[in-house]
Amino acid sequence: MHNLILVLNCGSSSMKAAVLDGTTGDSHLNVLAEKLGSADALITTKHQGEKDVFYFKEHTTHDHAVRKLLQILQQHGLSEDIIAVGHRVVHGGEKFHASTLITREVLEDIEHCIPLAPLHNPAHLLGIHAAQDAFPNLPHVAVFDTSFHQTMPEHAYMYAIPRKYYRQNAVRRYGFHGTSYRYVSQAAADMLGRNLDELCMVIAHLGNGASVTAVKNGLSVDTSMGLTPLEGLIMGTRSGDIDPSIFEFLFDNKHMSIRQINSMLNKDSGLLGISELSNDCRTLEEHAALGHDGAILALNMFAYRLAKYIASMTVATGRLDALVFTGGIGENSASMRQRVIQHLGVLGVHVDAELNAAMVGGQAGAINVATDVVHTLVIPTNEELMIAKDTYALTCAE
Ligand code: ADP
């Protein structure tokens, strides 16, 4: 085995790692460290279908997790074949339009983006530093969630507030899930046997976080998430769009602070807040089938908001060749796709019930009725593969 790429995704209390072949994309190992920063951290390894769990016995940092990862790679005989490390970084601000080799200057730029992603970027930096210590002789690459959206035109990314906030503090729409959109848009073009640069698509990435992007000729021209991932769609625990006056209203009437309101909008809202049951789409579908009011309302609101956004994104593309669903919900929930598409007759989108029911559990394919001009597709995303490919291209390809 040669040409292996280690893909790392460090969150504030977690570290996800995968080893992929940079040329074939074959996956060799998956590792997940959880509860970092506490004394009951654990690390789970999946290798050739076998699962293994290791419990740390002391307070565990990202450094400990990366050192344990190095041991795991050695145990499986993979460490010698790793030729580069690719790091997922949530926020690259306006600085990064593409993935990049990590240098001291790049690390400083990622640090400058901390005000834009105060939870994510510090964790990524911890992970990058720990990985650079563990793999000092390998090239490291940063792949940003935001960079794909840097092609949005000014009229799509500016907020209608005084421009000085953009000039002085870079307040604007950035958008996220960019690595997923890049992978899925190319996969959709391949599936349709068309060139990406001649296709107008709207892609819905629906996981715990959810967003929609307008992709015109391979470029992002608008997206639903904004300065932060809070804007846009209803999500697992996020409200998505809301009247910003809610801050003053809840301050006046509930004496809540900005931080409390922000936390409520991010963590207690969305599917969870409406259903008063769960943030998990599958759980809600099970309870909706039994007549649970909150679950039914939450799923209906999620679908309606999403449909409104899909329709609005066609203003940005100017035409709709393909509508694509991805992410845990988009890939698996035939019932959510059906709920959304039933609002989209106006766009000429109709679902074929049989095809829709079959497209679950990692299946990729079309779900539209044969007479539709618009191709409605389900495509499982693969952000790790995209990170591995970028890393390989920047460090190893001739
Ligand atoms: P993340 O954004 O954390 O990567 P995922 O992309 O894994 O999240 O998506 C998680 C969501 O996908 C959850 O709401 C989960 O309920 C939903 N999901 C996964 N499988 C199914 C399924 N078979 N039916 C309905 N929803 C599903």
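The values are calculated or read from the model by the stated rules, or taken from the named source; none is laboratory data. The structure displayed is predicted, hence computed values, not measured ones. When we count neighbours, we look across all protein chains shown, and the Cβ atoms used for this are built from the backbone with ideal geometry, even at glycine. What goes into the accessible areas is simple: the full protein's heavy atoms, side chains included, and nothing from ligands, DNA or RNA. Shrake-Rupley method; radii C 1.70, N 1.55, O 1.52, S 1.80 Å.
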Criterion violated by H343 - all others in (1) on the phi > 0 side of the Ramachandran plot; (2) in contact (Cβ under 8 Å) with a residue 24 or more places away in the chain satisfied: (1)
Enumeration of residues in the range 334-357 that are open to solvent by 50 Å² or more (accessible area, probe 1.4 Å), of a type in the set (V, I, T) and outside any helix (DSSP H, G or I): none
Checklist (1) open to solvent by 30 Å² or more (accessible area, probe 1.4 Å); (2) free of Cβ contacts under 8 Å to residues at least 24 places away in the same chain; (3) in contact with a helix residue (DSSP H, G or I) (Cβ under 8 Å, 6 or more places away or on another chain); (4) under 19 Å from L6 (Cα atoms) applied to L125, failing item: (1)
Restricting the range 368-384 to residues that are closer than 30 Å to L347 by Cβ and within 15 Å of the ligand (Cβ to nearest atom), the residue that is farthest from the chain's Cα centre (by Cα): V378
Residue in the range 52-61 that is of a type outside the set (A, V, I, L, M), under 26 Å from the mean Cα position of the chain (by Cα) and within 23 Å of I102 (Cα to Cα) present: yes
Qualifying residue in the range 199-216 (condition: in contact with a helix residue (DSSP H, G or I) (Cβ under 8 Å, 6 or more places away or on another chain), assigned to a strand (DSSP E or B) and of a type in the set (S, T, Y)): yes
Helices (runs of 4 or more DSSP H) wholly inside the range 236-319 that include at least 2 residues being within 15 Å of the ligand (Cβ to nearest atom), open to solvent by less than 20 Å² (accessible area, probe 1.4 Å) and small (G, A, S): 270-275, 293-317
Every residue from the range 4-25 that is more than 29 Å from H91 (Cβ to Cβ) and surrounded by 14 or more Cβ atoms within 10 Å (Cβ to Cβ): T23
Counted residues, the range 320-368 - those being in contact with a Lys or Arg (Cβ under 9 Å, 6 or more places away or on another chain) and among the polar types (S, T, N, Q): 3
Residues within the range 324-343 that are away from the ligand (no atom under 11 Å from the Cβ) and closer than 15 Å to G209 by Cα, tallied: 1
Filtered residue count, the range 179-226, keeping only those that are open to solvent by less than 50 Å² (accessible area, probe 1.4 Å) and either closer than 15 Å to T314 by Cα or more than 15 Å from the ligand (Cβ to nearest atom) (or both): 24
Cross-chain or 6+ apart pairs with Cβ under 6 Å, the range 92-119 first and open to solvent by 60 Å² or more (accessible area, probe 1.4 Å), then of a type in the set (G, A, S) and modelled with pLDDT of 95 or more: H97/S147
Residues within the range 128-149 that are more than 30 Å from H2 (Cβ to Cβ) and not in a helix (DSSP H, G or I), tallied: 1
Single unsatisfied condition, T376 versus (1) assigned to a helix (DSSP H, G or I); (2) farther than 16 Å from A210 by Cβ: (1)
Which numbered condition V360 fails, given (1) in a loop (DSSP other than H, G, I, E, B); (2) within 11 Å of the ligand (Cβ to nearest atom); (3) open to solvent by less than 50 Å² (accessible area, probe 1.4 Å): (3)
